[in-house]
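See structure below.
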Amino acid sequence: MPLFQTIQCNETTKILIWEITESFEELFSKVVLKEKTQQRLNGMKSQMHQRAFLSVRMLIQEMGFTDNDLHYDEFGKPYFDCHNFISITHSHHFAAIIISHETVGIDMELQREKILRIADKFVDCENKYLSPENVQDYVRELTIIWGAKEAIFKIRNEKGISFKDHIKVGAFSLNENQTEASLHFDDLVKDFDVHYKEMKSANFDGSFTLVYAFEK
Ligand SMILES: CC(C)(COP(=O)(O)OP(=O)(O)OC[C@H]1O[C@@H](n2cnc3c(N)ncnc32)[C@H](O)[C@@H]1OP(=O)(O)O)[C@@H](O)C(=O)NCCC(=O)NCCS
């Protein structure tokens, strides 16, 4: 199945999610790649990674852009020549992009109990409102926090940012779909609106968490 979901977040912001069910060959036959992108594709060890990378190109085409419009800075952050911002994520059988006139970041993660083992590496002030008693909910909450921090990192893209020490995600409820966060780094405080959405696919076991953030 190609386009899995489209979310119109606001007037100038759109999220496109691709469910990667096509083979490498099928995807490859549908995209036009510039030389630099082709080289990157050739260097990828896993075919799943290649399929995700090609799916992102499908999404870009879906939005009326081409691979020629997409560039990367020295840290790997993607950008367009035009006034649109873009952020990219891929996780297992999903790939997603967010395109906006605002500064945005996106992350998608599979909800896994594995996150319990690394919680103390990226959670700090959030412990005040988290409740580890219900493991299933705790995993969902941790995945939202992780996704929010990744999305904010992708916006700011600054060396030295620690998820645990510098990014604070405000209290939120699993029944809602948004919260706030702030980045405290280099004597500056930046505030963000964070949105999250959980999703499942009929073709794949497990639930995914999509998180996207806007810099205020
Ligand atoms: C770069 C990073 C943000 C990628 O996130 P990820 O969850 O591994 O992977 P995702 O699939 O969600 O995102 C990958 C995409 O992010 C984008 N990206 C890569 N580096 C980026 C950067 N420095 N800034 C913004 N976006 C970046 C790229 O578009 C990439 O996909 P593409 O190269 O195929 O186009 C992440 O690996 C990272 O470095 N995080 C911060 C490090 C950290 O502090 N981690 C642990 C704290 S406990």
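The values are calculated or read from the model by the stated rules, or taken from the named source; none is laboratory data. The shown structure was predicted, so the numbers you read here are calculated from the model rather than taken from an experiment. Cβ sites come from the backbone with ideal geometry, for glycine too, and all protein chains shown count toward neighbours.
Does residue 98 fit the bill of being outside any strand (DSSP E or B) and assigned by TED's automatic domain parsing to the domain that holds residue 30? Considered against the rule, which asks whether it is outside any strand (DSSP E or B) and assigned by TED's automatic domain parsing to the domain that holds residue 30, residue 98 comes out as no.
Going through (1) in contact (Cβ under 8 Å) with a residue 60 or more places away in the chain; (2) under 26 Å from residue 72 (Cβ atoms); (3) within 13 Å of the ligand (Cβ to nearest atom) one by one, residue 143 falls short only on (2).
I'm checking my understanding of the structure. Among residues of region 58-85 that are touching a Leu at 6+ places or on another chain (Cβ under 7 Å) and more than 8 Å from the ligand (Cβ to nearest atom), which one is farthest from residue 19 (Cα to Cα)? Spell out the reasoning first.
Initially, region 58-85 is screened for residues touching a Leu at 6+ places or on another chain (Cβ under 7 Å), giving 58-60, 62-63, 67, 78, 80.
Filter once more, keeping what is more than 8 Å from the ligand (Cβ to nearest atom): 58-60, 62-63, 67, 80.
On the way: 58: 11, 59: 11, 60: 14, 62: 14, 63: 16, 67: 19, 80: 23 Å.
Checked region 58-85; the qualifying residue farthest from residue 19 (Cα to Cα) is 80.
Cβ-Cβ distances below 8 Å connect the following pairs, each with a first residue in region 25-52 that is in the same structural domain as residue 90 (by TED's automatic domain parsing) and of a type in the set (S, T, N, Q), a second residue that is part of a helix (DSSP H, G or I) and away from the ligand (no atom under 13 Å from the Cβ), and a separation of six or more residues or different chains: 47/24; 50/24. Within region 158-179, is there a residue that is within 12 Å of the ligand (Cβ to nearest atom) and part of a strand (DSSP E or B)? Checked against the condition, which is being within 12 Å of the ligand (Cβ to nearest atom) and part of a strand (DSSP E or B), region 158-179 yields at least one hit. In this structure, is residue 74 charged (D, E, K, R), assigned to a loop (DSSP other than H, G, I, E, B) and surrounded by 14 or more Cβ atoms within 10 Å (Cβ to Cβ)? Against the criterion (charged (D, E, K, R), assigned to a loop (DSSP other than H, G, I, E, B) and surrounded by 14 or more Cβ atoms within 10 Å (Cβ to Cβ)), residue 74 does not qualify. For region 93-132, give me each residue that is near the ligand (Cβ under 10 Å from one of its atoms) and of a type outside the set (A, V, I, L, M). The answer is 94, 105, 107, 109, 120, 121, 122. Of the residues making up region 159-183, those that are over 13 Å from residue 123 (Cα atoms) and of a type in the set (D, E, K, R) are 159, 176, 180. Among the criteria (1) exposed (fewer than 13 other Cβ atoms within 10 Å of the Cβ); (2) more than 20 Å from the chain's Cα centre (by Cα); (3) modelled with pLDDT of 95 or more, the one residue 118 does not fulfil is (2).
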